[in-house]
């Protein structure tokens, strides 16, 4: 299970924090919501409006759970040696639809992988998302913060970082990393979904 220090905010709290009304279009409609079950669970669509993701742009972290050993080719980057545990990927969503559109993309298994994460997503369960709508591109700062967390390893150099100077945007942990420890590293309000 996730540790108690991983704070979860409801749609109401998120809306209140950002001063947005539900009718403003900044919150995904109930039909687009996702619910994440506990550790080692799977993501499933739901009409329950309890959890929502904003359509604003921002930075996000995918918490992916893998229970199998194997070798996974990642396009032209090379092979990723899969280990049971938690893969953590950091990305950004600055295009149309913001975070909501990007989360929907990662929810689905891509039949034609485009990004490195699309290959890994096909083998792992999406368990949780951390995100921020703070202004400015903090994706690279977040990658460096993840690299400083305890028990982290880099499973494949260059993963998700072909367009930047970061070593990687993918990290492996034996169990889910602490949101509180991560938040201390980045000094930014980070939302957990769910």
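The values are calculated or read from the model by the stated rules, or taken from the named source; none is laboratory data. Quick caveat: nothing in here was measured; it's all calculated off a predicted structure. Because the Cβ atoms are built from the backbone with ideal geometry, glycine has one as well, and the counts that use them run over all protein chains shown.
State yes or no: is residue 99 touching a strand residue (DSSP E or B) at 6+ places or on another chain (Cβ under 6 Å), touching a residue at least 24 places away in the same chain (Cβ under 8 Å), more than 23 Å from residue 141 (Cα to Cα) and crowded, with 16+ Cβ neighbours inside 10 Å? Here the answer is no, as residue 99 does not meet what is asked.
For the range 114-133, which residues satisfy the criterion of being surrounded by fewer than 16 Cβ atoms within 10 Å (Cβ to Cβ) and touching a residue at least 12 places away in the same chain (Cβ under 8 Å)?
Taking the range 114-133 first, the residues surrounded by fewer than 16 Cβ atoms within 10 Å (Cβ to Cβ) are 114, 122.
Residue satisfying the conditions is 122 alone.
Residue pairs whose Cβ atoms lie under 6 Å apart, separated by 6 or more positions or on different chains, with the first residue in the range 135-159 and in contact (Cβ under 8 Å) with a residue 12 or more places away in the chain and on the phi > 0 side of the Ramachandran plot and the second part of a loop (DSSP other than H, G, I, E, B) and surrounded by 14 or more Cβ atoms within 10 Å (Cβ to Cβ), are 158/77. Could you tell me whether the range 67-75 includes any residue that is out of contact with any strand residue (DSSP E or B) (no Cβ under 8 Å at 6 or more places or on another chain) and at pLDDT below 90? Yes: one or more hits.
Scanning the range 140-163 for residues that are out of contact with any helix residue (DSSP H, G or I) (no Cβ under 6 Å at 6 or more places or on another chain) and over 17 Å from residue 177 (Cα atoms) returns 140, 156, 157, 158, 161, 162, 163. Cβ-Cβ contacts under 6 Å between residues 6 or more apart (or on different chains), taken from a first residue in the range 79-90 that is on the phi > 0 side of the Ramachandran plot and at pLDDT 95 or above to a second residue that is surrounded by 19 or more Cβ atoms within 10 Å (Cβ to Cβ) and in a strand (DSSP E or B), are listed as 85/172.
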